[in-house]
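Asker: I am attaching a structure below and will ask some questions about it afterwards.
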Amino acid sequence: MSRLAPPPYDAETMPISTSSSGGPPVRRDKPQQASSRAQDALTEEQLDALLDAVSARYPTGKRSLALLLAMADAGLRVSEAVSLKTTDLVVEGGQYTHVSIRRGKGGKPGRVALTVRAAAKLGGWLDARTRMGFSKGYVFCTISEGTAGGHWADEGQALQPGRPVSTEYVRQLVRRMTHRAGVESRVTPHTLRHTFATRLLRTTGNLELTRKALRHSHIQTTVVTVVWI
């Protein structure tokens with residue numbers, strides 16, 4: 001795995017979750033057993049190519065870009081991203097700054113910070129969404145009527161505008177954009193979460209901070225999430 005460039009924020013503005021319990025100080029050196037167990041993350045170049053593959057000219061593209069960044073820049077799980085509602089968005093000083101996770105893994109709530117980039121793309125999608133008449137409800141919602149195609153979990157069934165996109169739709173979206181970007185490795189929505197974790201650890205060198213940002217209860221879970229570089 002090639003070395004990753006720092007993400008577009010520094011240690012002072014790095015997204016940190018406030019939902020996880022505290023813990024003792026953690027050494028910042030690499031655990032010897034981690035490298036063989038860690039799952040892959042995208043390089044900075046691969047992530048940029050994946051995001052550039054999305055055409056934000058139309059509303060669905062704006063939705064896709066905001067959705068991908070919710071996972072890649074904020075570390076949301078795919079189930080958390082598709083479950084977000086407009087009431088979960090936190091605005092401070094006229095800007096989207098955080099999202100509230102009502103029910104994360106294990107039923108735990110949380111609060112996750114947004115990067116400037118993720119907040120901007122989210123705002124662009126929400127503006128487009130509002131112009132289409134969706135003022136409330138699920139953030140990443142369906143916007144058309146008709147019959148669900150092969151990239152929907154409910155293929156062949158009627159689509160209802162305003163419903164959350166399915167996790168299967170997101171998986172297919174990631175596959176399509178990966179192929180379009182020319183990324184040869186297998187990429188899933190969870191790869192984006194691993195990418196977020198790896199970039200955060202590389203920038204800060206702080207494993208405990210990374211654990212909190214991922215909302216892990218145990219540090220060993222974080223150890224096997226990041227790609228050690």
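The values are calculated or read from the model by the stated rules, or taken from the named source; none is laboratory data. Computed from a predicted model, the values in this text were never measured in an experiment. Neighbour counts run over all protein chains shown; Cβ positions are idealised from the backbone, glycine included.
Asker: Step by step: first the residues of segment 94-125, then only those that are in a loop (DSSP other than H, G, I, E, B) and either out of contact with any Asp or Glu (no Cβ under 9 Å at 6 or more places or on another chain) or of a type in the set (Ser, Thr, Tyr) (or both), then the one that is surrounded by the fewest Cβ atoms within 10 Å (Cβ to Cβ). Which residue is that?
Answerer: If we take residues in segment 94-125 being in a loop (DSSP other than H, G, I, E, B) and either out of contact with any Asp or Glu (no Cβ under 9 Å at 6 or more places or on another chain) or of a type in the set (Ser, Thr, Tyr) (or both), then Gly94 is surrounded by the fewest Cβ atoms within 10 Å (Cβ to Cβ).
Asker: Test of understanding: among Val91, Val112, Val82, which residue is touching a strand residue (DSSP E or B) at 6+ places or on another chain (Cβ under 9 Å) and either among the hydroxyl-bearing types (Ser, Thr, Tyr) or closer than 19 Å to Ala197 by Cα (or both)?
Answerer: Val112
Asker: A further question on this structure: Please go through (1) modelled with pLDDT of 95 or more; (2) loosely packed, with under 15 Cβ neighbours inside 10 Å; (3) among the basic types (Lys, Arg) for Lys62 and return the number of the only condition it doesn't satisfy.
Answerer: That leaves (2) as the condition not met.
Asker: Between a first residue in segment 43-66 that is closer than 11 Å to Ala128 by Cα and a second residue that is part of a helix (DSSP H, G or I) and among the aromatic types (Phe, Trp, Tyr), which pairs have beta carbons less than 8 Å apart while being 6 or more apart in sequence or on different chains?
Answerer: Pro59/Trp125; Lys62/Trp125; Arg63/Trp125
Asker: Can Val227 be described as closer than 21 Å to Lys105 by Cα, at pLDDT below 85 and not polar (S, T, N, Q)?
Answerer: No; evaluated as a whole, the condition is false for this residue.
Asker: Is it true that some residue in segment 78-92 is closer than 27 Å to Arg176 by Cα, part of a strand (DSSP E or B) and either modelled with pLDDT of 95 or more or more than 15 Å from the chain's Cα centre (by Cα) (or both)?
Answerer: Checked against the condition, which is being closer than 27 Å to Arg176 by Cα, part of a strand (DSSP E or B) and either modelled with pLDDT of 95 or more or more than 15 Å from the chain's Cα centre (by Cα) (or both), segment 78-92 yields at least one hit.
Asker: Of the residues in segment 180-204, how many are assigned to a helix (DSSP H, G or I), surrounded by fewer than 17 Cβ atoms within 10 Å (Cβ to Cβ) and at pLDDT below 95?
Answerer: Final tally of qualifying residues: 1.
Asker: Turning to a different aspect of this structure: List every residue pair whose Cβ atoms lie under 7 Å apart, where the two residues are 6 or more positions apart in sequence or sit on different chains, the first residue falls within segment 182-196 and is under 15 Å from Tyr169 (Cβ atoms), and the second residue, located anywhere, is of a type in the set (Val, Ile, Thr) and in a helix (DSSP H, G or I).
Answerer: Thr188/Val174; Pro189/Val78; Pro189/Val170; Pro189/Val174
Asker: Residue under question is Ala74, and the condition is that it be of a type in the set (Gly, Ala, Ser), at pLDDT below 95 and either within 14 Å of Phe140 (Cβ to Cβ) or in contact with a Phe, Trp or Tyr (Cβ under 6 Å, 6 or more places away or on another chain) (or both); does it hold?
Answerer: Taking the combined requirement at face value, the residue satisfies it.
Asker: Moving on. Contact list please: Cβ distance under 9 Å, first residue in segment 122-136 and within 12 Å of Leu65 (Cβ to Cβ), second residue surrounded by fewer than 13 Cβ atoms within 10 Å (Cβ to Cβ), pairs at least six apart or on different chains.
Answerer: Gly123/Gln95; Ala128/Tyr58
Asker: Restricting segment 48-77 to residues that are over 15 Å from the mean Cα position of the chain (by Cα) and part of a helix (DSSP H, G or I), which is farthest from Leu89 (Cα to Cα)?
Answerer: Ala49
Asker: Out of Phe140, Phe134, I need the residue that is in contact with a Lys or Arg (Cβ under 8 Å, 6 or more places away or on another chain) and at pLDDT 90 or above. Which one?
Answerer: Just a single option satisfies the conditions, and that option is Phe140.
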